[in-house]
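No value in this document is a laboratory result; all are computed from the given coordinates. Here the structure is a predicted model, which means the values were calculated and not measured. Because the Cβ atoms are built from the backbone with ideal geometry, glycine has one as well, and the counts that use them run over all protein chains shown.
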Amino acid sequence: MKSSLAAGAAAAIAVTALAGCSYVNPITTKDNYAASDGTQLVVGDIEALNLIVVTEAEGEPATMIGTLQNSSSEDIAIQIVFDGETANDVTVPAQSSALLGPQDGATEVSGTAPAAPGLTTEVTIVSDAEGGFYVDVPVMDATLPEYQPVLDAIG
């Protein structure tokens, strides 16, 4: 009888101790984060998701892939620069999204790779309403096979 009482008490203490983890540590799964290879950024009503620059090597042609979502009731024009000189204009429709990339139906955002695959590069995103923002974006090549079709499409 004493051993089952002791086991029950030990179980109650363990449950109480483990339940305290969420009290002491914030629940991070509620936080917004980039769940894939790319980076994200919020610029006013525009949310840039999973931004990645894809290229074969530094100094070679490159393109940016990702998605821009517009939560406003008006179309928003933005400008994206990832190589420091090539400005790419993108209009994101109201309450909709714009896919970035060289594939059909997407808006191509191109330039020259300022960094080698495996590194990051600073991308400038400018909105007339919000101004300019900078975000570090990973540069990828076809080491991961899902990026090979992107490289094939740019050259």
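A few comments on the model shown:
- Volume per residue that the Cα convex hull of the range 39-154 spans, once the total is divided by residue count, Å³: 83
- 3J(HN,Hα) along the range 130-135: 10, x, x, 9, 10, 8 Hz, from the Karplus curve 6.51 cos²θ - 1.76 cosθ + 1.60 with θ = phi - 60°, whole Hz, x for Gly and Pro.
- Residues whose placed amide H lies under 5 Å from that of G101, excluding near-sequence neighbours: T107, E108, V109
- In a simple Cβ point-charge model (Lys, Arg +1; Asp, Glu -1; nothing else charged), the range 39-154 has a dipole of about 160 debye relative to its Cα centre.
- When you count the other C-beta atoms within 10 angstrom of each residue and take the mean per peptide, 134-140, 85-91 line up highest first as 134-140, 85-91.
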